[in-house]
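Comments concern the structure below.
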Amino acid sequence: MAHESGGGGAAAATRAKRRRADEQGKDVAEGPEAAPACHISALPDDLRRRILTHLPLKDAIRSGALARGWRDLWKSRWADPTSSRDIHLLPGDNPRKVLESLESVPRRRLDRFSFVSDREKLRQPHLKRFLAYAAGCRVEDLRVDLSRCHGRLTFHLPLSSPLLAHLSLRNVDICHMYYKRARPFYALESIHLHSVKNTSVKFSKASGPLMPNLRRITVEECYSGEVTRGAVPLNLPAPSLCSFRYSGRFLDCFFCLATNAALTDLYICFENTIFPDPQPIGHLSFYFPRDLTGLSVLTISSNDVRIVCSVFNMRATSEWTKKMNNLRSLRELQLLMLGIEKDSLVNIGLFLKACNCSNLERLFVQLPATSDVPLEDLVEEAQVLPPEDVLANLRMVKVMNFNWRRFEVMLVSLLLRKATSLHKLLLVSPNINPQHVPDVQEADLSLLKEALACGRIIVSKSDDLATQPFHSEVFIKV
């Protein structure tokens, strides 16, 4: 629209008319040199929503720049039941009849397609037709859950929609993720894999990565096929990756991230006990990017803490030590204590020292809800304490499942001593009143009582939803 100068009455009236038209979402042509009128903005909202359902999500959002009447219209297109499709096969359903019903009507673009099968026996040709239907509808959000199916079925990424932005797979095999003439999936931003088996899959080709804009990956309870111990079959060269979350067995490591990825948040939880064996631990340097200095949020389990401490002690791989020895951008740390060992307190102190996270502001500690072994017998005096500057900026600490056991009291007293800027220490405990703790030094107990009296420590039976870790929505198994 041409810029008009001047301040006459006619010009003011023209501007007022233009504002009224814009507020109504209409295009108004004025004067002999004005652009031809566009009547699409005068259509009813329902018709304009139907237009948006034919656009990719990003283009639908950009339509808000047309006029005020379009600004938030894209948000309500999800309310259109025809923009998403949920298929849930029950044990008695006939997949062929469901497919015939789907394929009997003309296909239209879908935002979301969810396929869940409770049938114990589902054939690969049927799954292939359901996925082909989703690809034909140019779906953006694809979810496949075969957790009730017996046997293994296969998912082929190259046959998916070119507009695919979010992919979630459960209990399905993946293979042949690319072939010679496979096109890149430029829209793909996030992948969630649960109970997925893969067999030496590569997500790249000679001309570059298959998913150049992939930003988030979640891998849960996945495992590799017939591979040798310590091998890493799943190659994920995603240079745009900023978020990675992994939960599973250490020796089933299901990933190898791009060396140039700039992670900002990392969730890593090896669920099995790790022994200080240099050979498998040495492979860790190949799993992660070469530079973790931009990492701001980290969730790590007690098993992973033992790995870092083992590497730090044994110098099993200098590369891994370098990666974990410079977390100066880290602002939030969550420790998942899957179990308590005699050296747990020592390992926490050594971990904080090794990672050099001097800008840490928030610390969350998830303790085991129950313990079969008395924790009083599993405490070793912390001989390795973090330097003063490591916790100098720590403002808030939250400890969940606090039960006034010796290990827990010693951990809290350690934090009170080292975190000089600590404003608030939250304890979520079934017992809000201090309990008798045998074999704890009087100085530690006095420190806790003083902090309770001045309000520095707050004990609550319920978890405060307003103070949750960044990864609170991620799988936590303690």
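The values are calculated or read from the model by the stated rules, or taken from the named source; none is laboratory data. Computed from a prediction, not measured in an experiment: that's the story for all the values here. Note: ideal-geometry Cβ built from the backbone for every residue, glycine included; neighbour counts use all protein chains shown. SASA here: full protein model, heavy atoms, side chains in, ligands and nucleic acids out. Shrake-Rupley method; radii C 1.70, N 1.55, O 1.52, S 1.80 Å.
Numbers at a glance
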item: Restricting region 330-358 to residues that are in a loop (DSSP other than H, G, I, E, B) and modelled with pLDDT of 90 or more, the residue that is most open to solvent (accessible area, probe 1.4 Å); result: ARG331
item: Residue, least open to solvent (accessible area, probe 1.4 Å), within region 31-45, restricted to residues that are at pLDDT below 75 and outside any loop (DSSP other than H, G, I, E, B); result: SER41
item: Residue count, region 128-152 (criterion: aliphatic (A, V, I, L, M) and more than 19 Å from CYS222 (Cβ to Cβ)); result: 5
item: Single unsatisfied condition, LEU167 versus (1) at pLDDT 90 or above; (2) outside any loop (DSSP other than H, G, I, E, B); (3) farther than 20 Å from LEU257 by Cβ; result: (3)
item: Contacts under 6 angstrom Cβ, first residue in region 343-369 being without any contact (Cβ under 8 Å) to a residue 40 or more places away in the chain, partner of a type in the set (A, V, I, L, M) and surrounded by fewer than 20 Cβ atoms within 10 Å (Cβ to Cβ), 6 or more apart; result: VAL346/ALA382; VAL346/VAL384
item: Extreme residue, modelled with the lowest pLDDT, among residues of region 68-85 that are under 13 Å from ASP45 (Cα atoms) and not in a helix (DSSP H, G or I); result: ASP80
item: Residues satisfying the stated conditions in region 127-161, i.e. under 25 Å from SER104 (Cα atoms) and in contact with a Cys (Cβ under 8 Å, 6 or more places away or on another chain); result: HIS156, SER161
